[in-house]
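The values are calculated or read from the model by the stated rules, or taken from the named source; none is laboratory data. Since this is a predicted model, take the numbers as computed values, not measurements. Cβ coordinates were reconstructed from backbone atoms using ideal geometry, including for glycine residues, and neighbour counts include every protein chain displayed.
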Amino acid sequence: MTIHFPWGSLLRGVLGHDEAALAGVAALLAPGATAHVLFSVTARDGVPQPRAQLGAVYAAAGLQLAERRPATATEIAASGSTWAKKLRAGSARPVTRLTLCRATNTGPKC
């Protein structure tokens, strides 16, 4: 699954502030499947920053946070997102890349 520059409840779910939206993301992933997320949030957006214990929030939804890091310019460009271009994401504002995976039936690791 790929999620590029979400907004609204999907963004709140990815950031760990909307459990129902996050549960919906988790439900779309088969056990062992991976989701890649690019998002950009600044204080002036009026959206809460990612929860401090994001890994624990994801674990409660049956997901594992495999990676959280700044996105590269190549990854941002490869997204093909017109919203990213409009935001000047990566140059005027930071972009974060998350890799999530759904726990398998045999254990929490993906």
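List of remarks:
- Checking Arg97, Arg68 one by one, the residue that is in contact with a strand residue (DSSP E or B) (Cβ under 7 Å, 6 or more places away or on another chain), without any contact (Cβ under 8 Å) to a residue 40 or more places away in the chain and assigned to a strand (DSSP E or B) is Arg68 and no other.
- Test: residue in the stretch 33-45 that is surrounded by fewer than 16 Cβ atoms within 10 Å (Cβ to Cβ), in contact with a strand residue (DSSP E or B) (Cβ under 7 Å, 6 or more places away or on another chain) and assigned to a loop (DSSP other than H, G, I, E, B): yes
- Verdict on Ala20 being part of a helix (DSSP H, G or I) and loosely packed, with under 14 Cβ neighbours inside 10 Å: yes
- Exclusive hit being modelled with pLDDT of 95 or more and surrounded by 13 or more Cβ atoms within 10 Å (Cβ to Cβ), set Ile76, Ile3: Ile3
- Residue within the stretch 8-17 that is surrounded by fewer than 17 Cβ atoms within 10 Å (Cβ to Cβ), free of Cβ contacts under 8 Å to residues at least 12 places away in the same chain and on the phi > 0 side of the Ramachandran plot present: yes
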